[in-house]
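Inspection log for the structure reproduced underneath, given as structure tokens.
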Amino acid sequence: MTGLTAADGNVVTFHYTLRDDDGDIIDSSAGGEPLDYLHGQGGIVPGLEKEIAGKGVGDKFNVKVEPKDGYGEVAGPGPRAVPRDAFPDDMEIEEGMQFFVPTKSGDPVPVWVMGFQGKDVLIDTNHPLAGETLHFEVEIVSVRAATKEEIAHGHPHGPDGHGHHHH
Ligand code: ZN
């Protein structure tokens, strides 16, 4: 399929390099696997998805994403220390890791591991990149129509039909 552009119901694959305001590289797919997402499903930050919309294979461009269209503004009381003992012994805990904490209202909230302090794990409800202006360098690698199954799941399954998702 050629000629498709990024739009709802299409799987878009792209290479990217993400820099912060200082020009330091935060993350990059260069030299590795490109990233794929199902357009219109919130699989990538809104500010980036908006700019990718309408682009096709081979398009290269830069996107600046403000915090509100990225990982949000920094909110809340800040990192909280939780004893390492509160986590299962066999659970590997790494900085930047995301997990979900159950709440009384029933909706689990996402939290991220911000670091470590003695025997404690520092967790925060802010994404590690909250408050950051994101500077993306993007190159579209492929655009294809999503399968019915992918649309039902809300995410792409990858070229081999398995993908990297847990079901
Ligand atoms: Zn799936």
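Values in this text are rule-based calculations from the coordinates and carry no lab data. All figures in this text were calculated on a predicted structure; none of them were measured in a lab. Here the Cβ positions follow ideal geometry from the backbone for every residue, glycine too, while neighbour counts run over all protein chains shown.
Details
- Between residue 21 and residue 75, full extension at 0.36 nm per residue minus the direct alpha carbon distance yields a gain of 17.4 nm.
- A convex hull fitted to the Cα coordinates of the chain yields 159 cubic angstrom per residue.
- Loop sites in the stretch 21-109: GluC sites (Glu not before Pro), DSSP, at most 12 other Cβ within 10 Å: 73, 92, 94, 95
- Remark: for residue pairs 104/148; 50/119; 50/148; 64/104, the C-alpha separation exceeds 31 Å in 104/148; 50/119; 64/104.
- When the Gaussian network model of the chain links Cα atoms closer than 10 Å, the mean-square fluctuations of 103, 17, 125 top out at 103.
- Efficiency of FRET between residue 103 and residue 61 - r from beta-carbon atoms, R0 45 angstrom, step 0.05: 0.70
- At q = 0.22, 0.27 Å⁻¹, base-10 log of I(q)/I(0) for the stretch 27-71 (Debye sum, equal scatterers on each alpha carbon): -0.92, -1.27
- Within the chain, helix-based [θ] at 222 nm, where runs of 4 or more DSSP H residues each add -39,500 (n - 2.57), nearest 500: -2000 deg cm²/dmol
- Coordinate range along principal axes, alpha carbons of the stretch 11-104, Å, largest first: 49, 31, 29
- Across the stretch 80-124, Cα-Cα pairs farther apart than 11 Å form 67% of the total.
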